[in-house]
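**Student:** Here it is, the structure, as structure tokens.
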Amino acid sequence: MSSFPTMKMNSRFTGDVDDMYNIHGHAGNLCREAILEGLGRTINSRSEHLAVQPVSIADFGTADGRASLSLINEMIDAIQAGLGQKQPILVYYNDQPMNDFNLLSKAIQGNTHDPGLNITGSVYPVIVPRTMYEQCLPDDSLDLGISTVATHYLSKQVCQIKHGIYFKEADDGEQKLIRQQGKADWRAYVISRGRELKPGGFLITLTVSSNDKGELSSAFENGISPLGSVMSDMAREGIITQEEYLATNWNAYMERTADDFKEPFTCPLPEIEELGLELVSIKPINHYLRHPTFDIINKDTTDKLKYSQRIVAMVYPWFHHVIYRGLSDSRTEDEKEMITDQYFSRIQTHAFEHSDFKPYMIFTEVVITKSM
Ligand SMILES: C[S@@+](CC[C@H](N)C(=O)[O-])C[C@H]1O[C@@H](n2cnc3c(N)ncnc32)[C@H](O)[C@@H]1O
């Protein structure tokens, strides 16, 4: 099994193409309050003699950086307002090494439409290509870390799901392995960030998860099941081989509950105590995705078409690599693209035929601090 995440989000920069940012918006905004509250405390706790030390903030699993950009700019403004324009600020951008860091670099730079990162004063962006399930920064160096919509990805693939492509379709044995990996990854993530945090620092993480009623994010009326059933149809019809169907696995775990997020603290892990980590809060967030067609009750054909295009645009950035990567290396790139296009056109047909559903995301916000 692969021990290295090889996914690459299909984020694109053309204004007229929907991508992860345009669809999900700025997910960081959902936990903006907690982020600014943690930052405020960090700023207030700075004594005069620390003022020359940089304030360091980080975004883990940043993708092309656009989802967090306005929030990071707001954080920079708050730091400069509290500690002065000359206050050095380090902004760490982390993602796994296969990420397209060129896109990130362009997002930081900005263009005529998007202002980019506010680097006036002494602001220094730093790119950190490394798995977030390991320590990415030196001990006691980080004032505030954030991560949104990234920690449901697993650090490695632990099994090949035989009768499906994602967790819900896995059998009991496969689900157990995936659940165990989810637990190990959350522990590793919390401990790694815990080492990096300065005493008094904060970590705010927004994870796609289950809520207290056991509900999960739903792009379709029956969860995400069309993502699996369309692929199994294509295998049955011989469009892809059985080996390709087997090789298509979404390496993510979206079922964590509030108890799972608490586990490193309730266990308790010795590292958590040694590091002085404290769980500040856990908050479930249900978020209905926004698009004008999602609110139309009796959709006509044009509405249904726009609705179905939007659903595909929403799924495409984080699911394209799952389908593409499952296809055999013996196929040409064109063939792979053709099959992937066919997959998404079938998803669109499904969405067109079931267009009454309003898609939503379920997240859990977790705030952690390191005691002084
Ligand atoms: C769905 S995107 C979310 C991007 C952005 N944070 C947002 O809120 O829209 C998930 C990101 O997590 C990254 N990711 C997945 N596994 C990772 C890992 N082990 N270490 C660092 N980043 C990872 C992916 O490469 C991807 O860029």
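The values are calculated or read from the model by the stated rules, or taken from the named source; none is laboratory data. Not measured: the values here are computed from a predicted model. All Cβ positions, even for glycine, are placed from backbone atoms using ideal geometry, and neighbour counts span all protein chains on display. These area figures cover heavy atoms from the full protein model, side chains too; ligands, DNA and RNA do not enter into them. Shrake-Rupley method; radii C 1.70, N 1.55, O 1.52, S 1.80 Å.
**Student:** Could you give me the residue pairs with C-beta distances under 7 Å whose first residue belongs to the range 328-350 and is at negative phi, whose second residue is assigned to a helix (DSSP H, G or I) and of a type in the set (Asp, Glu) wherever it lies, and which are 6+ apart or on separate chains?
**Tutor:** From the range 328-350, the pairs are Ser328/Glu243; Ser328/Glu244.
A quick yes/no check of all residues on (1) open to solvent by 40 Å² or more (accessible area, probe 1.4 Å); (2) assigned to a helix (DSSP H, G or I):
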{"residue": "Ser229", "(1), (2)": "yes, yes"}
{"residue": "Leu246", "(1), (2)": "yes, yes"}
{"residue": "Met254", "(1), (2)": "no, no"}
{"residue": "Glu263", "(1), (2)": "no, yes"}
{"residue": "Arg290", "(1), (2)": "yes, no"}
{"residue": "Lys299", "(1), (2)": "no, no"}
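**Student:** Further question on the same structure: For the range 122-133, which positions are crowded, with 19+ Cβ neighbours inside 10 Å and either farther than 28 Å from Ala188 by Cα or small (Gly, Ala, Ser) (or both)?
**Tutor:** Correct list: Val123 only.
**Student:** Go through the range 55-66 and count every residue that is modelled with pLDDT of 95 or more and not β-branched (Val, Ile, Thr).
**Tutor:** So the count comes out to 5.
**Student:** A further question follows. Could you run through the range 122-142 and say how many residues are among the charged types (D, E, K, R) and either assigned to a strand (DSSP E or B) or more than 15 Å from the ligand (Cβ to nearest atom) (or both)?
**Tutor:** 2
**Student:** If you go through the range 75-99 one residue at a time, how many are surrounded by fewer than 19 Cβ atoms within 10 Å (Cβ to Cβ) and in a loop (DSSP other than H, G, I, E, B)?
**Tutor:** 6
**Student:** Please enumerate the residues belonging to the range 181-206 that are of a type in the set (A, V, I, L, M) and in a helix (DSSP H, G or I).
**Tutor:** Ala184, Ala188, Val190, Ile191
**Student:** May I ask you to list the residues in the range 268-288 that are open to solvent by less than 70 Å² (accessible area, probe 1.4 Å) and under 26 Å from the mean Cα position of the chain (by Cα)?
**Tutor:** Residues satisfying the conditions are Leu269, Glu271, Ile272, Leu275, Leu277, Leu279, Ser281, Ile282, Ile285, His287.
**Student:** I need a count of the residues in the range 143-175 that are more than 9 Å from the ligand (Cβ to nearest atom) and of a type in the set (A, V, I, L, M, F, W, C).
**Tutor:** Counting residues in the range 143-175 that are more than 9 Å from the ligand (Cβ to nearest atom) and of a type in the set (A, V, I, L, M, F, W, C) gives 7.
**Student:** Starting from the range 158-180, keep only residues that are assigned to a loop (DSSP other than H, G, I, E, B), then list their pairs with residues that are among the polar types (S, T, N, Q) and open to solvent by 40 Å² or more (accessible area, probe 1.4 Å) whose Cβ atoms are within a distance under 8 Å, requiring at least 6 positions of separation or different chains.
**Tutor:** Val158/Gln180
**Student:** Does the range 211-224 contain any residue that is more than 16 Å from the ligand (Cβ to nearest atom) and either at pLDDT 95 or above or assigned to a helix (DSSP H, G or I) (or both)?
**Tutor:** No, there is no match, as no residue in the range 211-224 is more than 16 Å from the ligand (Cβ to nearest atom) and either at pLDDT 95 or above or assigned to a helix (DSSP H, G or I) (or both).
**Student:** Given the structure, is Cys136 touching a residue at least 12 places away in the same chain (Cβ under 8 Å) and either surrounded by fewer than 20 Cβ atoms within 10 Å (Cβ to Cβ) or of a type in the set (Ser, Thr, Tyr) (or both)? Talk me through it step by step, then tell me what you get.
**Tutor:** Details: touching a residue at least 12 places away in the same chain (Cβ under 8 Å): yes; either surrounded by fewer than 20 Cβ atoms within 10 Å (Cβ to Cβ) or of a type in the set (Ser, Thr, Tyr) (or both): no.
It is false that Cys136 is touching a residue at least 12 places away in the same chain (Cβ under 8 Å) and either surrounded by fewer than 20 Cβ atoms within 10 Å (Cβ to Cβ) or of a type in the set (Ser, Thr, Tyr) (or both).
**Student:** Can you tell me which condition Ile119 does not meet? The list is (1) buried (at least 16 other Cβ atoms within 10 Å of the Cβ); (2) within 15 Å of the ligand (Cβ to nearest atom), and all the others hold.
**Tutor:** The failed condition is (2).
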